[in-house]
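One structure below.
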Amino acid sequence: MEYRELGHTGVKVSAICLGTMTWGEQNTEAEGHAQMDFALDRGVNFLDTAELYAIPPKPETRGATERIIGTWFKARQNRDKIILASKVAGRSGMGWLRQNGRKTELSGQQIREAVHGSLKNLQTDYIDLYQVHWPDRPASLFGRNGTVYEHATGPEIAIEDTLHALSDLVKEGKIRFIGLSNETAWGTMHYLHLSKTNGFARVHAIQNAYNLVNRTFEMGLAEIAHRERVGLLAYSPLAQGYLSGKYRSGALPPKSRKALFQRMQRYETPGAAEAIESYLALADERGIDPSHLAIRFVTSRPFVTSAIIGATAIEQLETDIDAASLAWTDDLEDAVNALHQLYQNRCP
């Protein structure tokens, strides 16, 4: 397993990060524990979760994933072996995530409430990387066309106030480092600017979607990630399973996310099927597992710190972790880029 520095922190994380959002919904506590045991044994030292998980978000399962991680820490007594990332929800209409039914926002009061709740669920006294799950301000996110500007207005908490609250929690030792998620180039640079001018804690990572059919991160954010050392934690490297081939030719595995929840619209945009098939065919031609091709593409990017994988079965998890050992050649790079020129970002 390869290990890479998380921003400017000096902390090394595995190039494969174990995502956890199925635990408490598609996976039981025992299955979550088994996945963490397996991943740690294979050299994965990086876990990513969120106060909102399990997914899909609903009151009945909020915090379930963090609680499963917490019972694993307690049973294994191995907190020091893990770099743990979690997230605070941005502005939303969810009135069940906060006390007294308040809708979520990134105010100092709500951030502090969220951190304390996560620490309790996780049975730890600190979180290594605490990320803003999505911005408080109106922005084009979550599958909207990232190549078309959408003008949006509405209420928002100033980034300065959010960063101030996070910085206070760093000083208190409740979180070690700060990260962003589902953020734009402007938002990332504004956080960095405020850190430099106001002495706030610095952002060290950004967690955005990135995969073969969504390379929009490369349009602006990649240079920021490289030059400012705000490395990408790439989620959805398999495009919610589409790039593994599991849905190929209309297949619908009975326990898949598509069959259970039908929340796959981000990867069912016009032209997406043709683009996905082209990459699956490339894997066939080269005799490569399509999951290996997709995940190794992500980890081969110089601006990527780690690719976040998720699985509901140990067999899937083993396949995904094995992707790290695939040799990425100039020939593969050329072939992937040739397909990208044809299909571009079909699933932003």
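So K12 passes all but one of these: (1) touching a Leu at 6+ places or on another chain (Cβ under 9 Å); (2) closer than 26 Å to R296 by Cβ; (3) surrounded by 16 or more Cβ atoms within 10 Å (Cβ to Cβ); (4) of a type outside the set (D, E). Which condition number does it fail?
(3)
Return yes when D136 is assigned to a loop (DSSP other than H, G, I, E, B), more than 20 Å from E105 (Cβ to Cβ) and touching a residue at least 12 places away in the same chain (Cβ under 8 Å) and no when it is not.
Against the criterion (assigned to a loop (DSSP other than H, G, I, E, B), more than 20 Å from E105 (Cβ to Cβ) and touching a residue at least 12 places away in the same chain (Cβ under 8 Å)), D136 does not qualify.
Cβ-Cβ distance below 9 Å, separation of 6 or more or different chains: which pairs start in the range 241-267 with a residue that is crowded, with 18+ Cβ neighbours inside 10 Å and end on one that is β-branched (V, I, T) and part of a helix (DSSP H, G or I)?
Pairs that qualify, where the first residue is crowded, with 18+ Cβ neighbours inside 10 Å and the partner is β-branched (V, I, T) and part of a helix (DSSP H, G or I), are Y242/I276; L243/I276; L243/I295; S244/T319; G245/I276; Y247/I276; Y267/I276.
For the condition polar (S, T, N, Q), surrounded by 22 or more Cβ atoms within 10 Å (Cβ to Cβ) and more than 21 Å from S291 (Cβ to Cβ), what is the one hit in S92, S86?
That would be S86, the only listed residue that is polar (S, T, N, Q), surrounded by 22 or more Cβ atoms within 10 Å (Cβ to Cβ) and more than 21 Å from S291 (Cβ to Cβ).
In the range 290-308, how many residues are crowded, with 20+ Cβ neighbours inside 10 Å and part of a helix (DSSP H, G or I)?
9
Criterion first (outside any helix (DSSP H, G or I), at pLDDT 95 or above and more than 28 Å from E5 (Cα to Cα)) does E105 satisfy it?
In short, yes.
Hey, could you check the range 85-136 for residues that are closer than 18 Å to P57 by Cβ and among the aromatic types (F, W, Y) and say which is nearest to the chain's Cα centre (by Cα)?
W134
Here's the yes/no breakdown for (1) in contact (Cβ under 8 Å) with a residue 60 or more places away in the chain; (2) under 27 Å from Y210 (Cβ atoms); (3) buried (at least 16 other Cβ atoms within 10 Å of the Cβ):
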position: A152; (1), (2), (3): no, yes, no
position: A165; (1), (2), (3): no, no, yes
position: L169; (1), (2), (3): no, no, yes
position: K174; (1), (2), (3): no, no, yes
position: S181; (1), (2), (3): yes, yes, yes
position: M189; (1), (2), (3): no, yes, yes
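Name the single residue, out of those in the range 188-216 being within 17 Å of the chain's Cα centre (by Cα) and assigned to a helix (DSSP H, G or I), that is nearest to S291 (Cα to Cα).
Result: T216.
Report yes if some residue within the range 160-168 is of a type in the set (V, I, T), part of a loop (DSSP other than H, G, I, E, B) and on the phi < 0 side of the Ramachandran plot; otherwise report no.
Checking the range 160-168: not a single residue is of a type in the set (V, I, T), part of a loop (DSSP other than H, G, I, E, B) and on the phi < 0 side of the Ramachandran plot.
Out of A335, A311, I need the residue that is in a helix (DSSP H, G or I), buried (at least 16 other Cβ atoms within 10 Å of the Cβ) and either touching a helix residue (DSSP H, G or I) at 6+ places or on another chain (Cβ under 7 Å) or of a type in the set (D, E) (or both). Which one?
Step by step, each of A335, A311 is checked, and only A335 is in a helix (DSSP H, G or I), buried (at least 16 other Cβ atoms within 10 Å of the Cβ) and either touching a helix residue (DSSP H, G or I) at 6+ places or on another chain (Cβ under 7 Å) or of a type in the set (D, E) (or both).
Answer yes or no: is there a residue in the range 322-330 that is assigned to a strand (DSSP E or B) and under 17 Å from A234 (Cβ atoms).
The answer is no; no qualifying residue exists.
Based on this model, can you work out whether L40 counts as outside any loop (DSSP other than H, G, I, E, B) and in contact (Cβ under 8 Å) with a residue 60 or more places away in the chain?
The answer is no for L40.
Residues P253, P270: which one is out of contact with any helix residue (DSSP H, G or I) (no Cβ under 9 Å at 6 or more places or on another chain), farther than 23 Å from V11 by Cβ, assigned to a loop (DSSP other than H, G, I, E, B) and at pLDDT below 95?
Within the list P253, P270, the selection yields P270.
Filter the range 223-246 down to residues that are in a loop (DSSP other than H, G, I, E, B) and hydrophobic (A, V, I, L, M, F, W, C) and give me whichever is nearest to M264 (Cα to Cα).
This residue is A239.
Run A283 past the list (1) under 25 Å from L180 (Cα atoms); (2) touching a Leu at 6+ places or on another chain (Cβ under 6 Å) and report the number of the one that doesn't hold.
Answer for A283: the failing condition is (1).
Filter the range 220-234 down to residues that are modelled with pLDDT of 95 or more and surrounded by fewer than 22 Cβ atoms within 10 Å (Cβ to Cβ) and give me whichever is farthest from the chain's Cα centre (by Cα).
The selected residue is R227.
Residues checked against (1) in contact with a Lys or Arg (Cβ under 7 Å, 6 or more places away or on another chain); (2) among the small types (G, A, S):
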site: H8; (1), (2): yes, no
site: Q35; (1), (2): no, no
site: A50; (1), (2): yes, yes
site: P57; (1), (2): no, no
site: R62; (1), (2): no, no
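Looking for something among the basic types (K, R), over 30 Å from E228 (Cβ atoms) and not in a helix (DSSP H, G or I) - is there at least one such residue anywhere in the range 256-263?
yes
The values are calculated or read from the model by the stated rules, or taken from the named source; none is laboratory data. Computed from a predicted model, the values in this text were never measured in an experiment. Cβ sites come from the backbone with ideal geometry, for glycine too, and all protein chains shown count toward neighbours.
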